[in-house]
1. Only one residue in 72, 105 is modelled with pLDDT under 90 and open to solvent by less than 90 Å² (accessible area, probe 1.4 Å), so which one is that?
2. Return the pair list, or none, for Cβ contacts closer than 6 Å from residues in segment 69-95 that are closer than 17 Å to residue 52 by Cβ and among the charged types (D, E, K, R) to residues that are open to solvent by less than 100 Å² (accessible area, probe 1.4 Å) and outside any helix (DSSP H, G or I), at least 6 apart or on different chains.
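The values are calculated or read from the model by the stated rules, or taken from the named source; none is laboratory data. Keep in mind it's a predicted model, so treat the numbers as computed, not measured. Cβ placement follows ideal geometry from the backbone for every residue including glycine, while neighbour counts extend to all protein chains displayed. The accessibility values were calculated without ligands, DNA or RNA, using every heavy atom of the protein model including side chains. Shrake-Rupley method; radii C 1.70, N 1.55, O 1.52, S 1.80 Å.
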Amino acid sequence: MAGKLIANLIVIGSTYLARGLIEGYRKALANAKQSGVAQETLQNVRKGSKTMTEQEARQILGASMDTSWEEVLKKYDTLFERNAKVGSFYLQSKVHRAKECLETVYGHKDQDSPGGEK
């Protein structure tokens with residue numbers, strides 16, 4: 001008899017606990033939607049995981065603001081080949097993404113300047 005009573009208390013207690021947790025989660029979601037925190041967080045996650053900044057790209061390739069596009073390509077080729085030989089696919093992909101990032105930067109600079117060459 002006592003075992004049955006304890007089992008009922010455990011079931012009832014866990015039911016209340018589960019309801020409380022669900023209600024708390026719903027309120028937290030509602031508050032996040034009202035304040036815009038949820039959308040801002042999602043946007044930051046999407047941005048941060050896919051894009052590389054110009055500064056990071058320049059660090060990876062060892063290029064300064066004054067470095068010409070030809071020098072960037074030479075540094076890219078050197079680093080890409082080194083990592084191909086050593087076998088570090090992660091570093092090789094970082095080097096490639098850095099070159100892609102700087103391609104857009106140098107491409108925009110060439111279009112903005114009169115008579116710019118690629």
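1. Answer to the check: 105.
2. Pairs found: 75/62.
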